[in-house]
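Structure, as structure tokens:
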Amino acid sequence: TTFIFPRDAATEKERGVRVRIFTVQEELPFAGHPTLGTAFALRGSSGASEIALELNVGRVPVCFEDGAGKPPFGEMTQVDPTFGAIHELSAVARACGLPVEAFDSSLPIQTVSTGVAFTVVPLRSLEVARTLHLDQKSAAEYLDRADGKFFYFVTRETVDSTARLHARMIFYNGEDPATGSAAGCTAAWMVAHGVAQPDERVLIEQGVEMQRPSRIFVRAGKKDNRVINVRVGGHAVEIMRGEFFL
């Protein structure tokens, strides 16, 4: 859920529209899909090419493209990534309740943050991802001791042949069909480790196991051996409108 705090036009032009993001359990400094959805709602029918939000993590601009016969495509530029620890495979395997053979050992398990820290966990195959049963208590205990807030599981085997990664994000005793903040961290991770080229727009598929398939388009740049300019986007449509009286 997002809450918008109106302020004067000059401040909004300089710093963006002030927005705070909450789950049922806590406030988050940043979250991808609430950012895209809120920018889409603020844009309305104005046709604006950019809506900037000021979140707890900082200013996040969202650019929009309108295509004939298609919903608007919005792409946010997340804050530049911070790379954290590379995790020991066997320790993560124990924490997740998985055999070490379930992981893709050719890629590192690493924490990355563009506002929220996700530990990107590469799995060996689509079959492993589809049958994933996470020991959530053990995983939460591990993350409490480590530098990530959530695990984000990915595999290079995909359902859609045009996708670069298949992903799952299991959290809060449930699963998220699309996680834009994690996808941004993963875009940075992909560029850092050669899974994607700098500024190459690639597709991450998520939510397939929930019967809520999502298509998340990501890219990130590189300058002086630093990953920068992380962008995450997708198509947005309005599905509900209502009013609350408090």
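Provide the FRET efficiency to the nearest 0.05 for the residue 225-residue 203 pair, computing r from the beta carbons and using R0 = 30 Å. Present the calculation step by step, with values, prior to reporting the outcome.
Details: r = 26 Å, r/R0 = 0.86.
According to the calculation, E is roughly 0.70.
Can I get the semi-axes of the range 82-223's equivalent ellipsoid? Compute them from the C-alpha gyration tensor as square roots of 5 times the eigenvalues, in angstrom, largest first.
Details: eigenvalues 85, 61, 40 Å².
Whole-Å semi-axes of the equivalent ellipsoid: 21, 18, 14.
Using Cα pairs closer than 8 Å and at least 6 residues apart in sequence, work out the relative contact order for the range 2-77, in percent. Mind dumping the intermediate values first?
Working: 116 pairs, mean separation 19.6, N = 76.
Relative contact order, the range 2-77: 26 percent.
Any idea which of 3, 67, 83 is furthest toward the positive side of the dipole for the range 1-87, if Lys and Arg beta-carbons carry +1 and Asp and Glu beta-carbons -1?
3
Taking the Cα centre of the chain as origin and charging only Cβ (+1 Lys, Arg; -1 Asp, Glu), how large is the dipole, in debye to the nearest 20? The partial results should precede the final answer.
Working: 26 positive and 30 negative charges, 54 e Å.
Its charge dipole is roughly 260 debye.
Would you please give the FRET efficiency between residue 135 and residue 210, computed as 1/(1 + (r/R0)^6) with r the Cβ-Cβ distance and R0 = 25 Å, to the nearest 0.05? List each step's numbers first, then the result.
Details: r = 19 Å, r/R0 = 0.78.
Rounded to the nearest 0.05, the efficiency is 0.80.
Tell me, what is the FRET efficiency for residue 159 and residue 56 to the nearest 0.05, using R0 = 35 angstrom and their Cβ-Cβ distance as r?
Here the calculated transfer efficiency is 0.50.
Cross-link partners among aspartates and glutamates for residue 223, C-alpha distance below 16 Å, same-chain residues fewer than 8 apart left out?
80, 199, 200
Please compute the Kirkwood hydrodynamic radius over the chain, one decimal place, Å, based on all pairs of different Cα atoms.
Details: mean 1/r = 0.0538 Å⁻¹.
In the chain this quantity evaluates to 18.6 Å.
If the convex hull of the alpha-carbon atoms of the range 2-77 is projected onto planes in all directions, what is the mean projected area in square nanometres? Don't skip to the end; give the middle numbers.
Working: hull surface 20.9 nm².
Value for the range 2-77: 5.2 nm².
Could you work out the relative contact order of the chain? I mean the mean sequence separation of Cα pairs under 8 Å and 6+ apart, divided by the number of residues, in percent. Can you show the working numbers first?
Working: 519 pairs, mean separation 40.9, N = 246.
After rounding, I find 17 percent.
Computed from the coordinates by the stated procedures, all read-outs in this text should not be read as laboratory data. As the structure is a computational prediction, the values presented were derived from the model and not from experiment. Because the Cβ atoms are built from the backbone with ideal geometry, glycine has one as well, and the counts that use them run over all protein chains shown.
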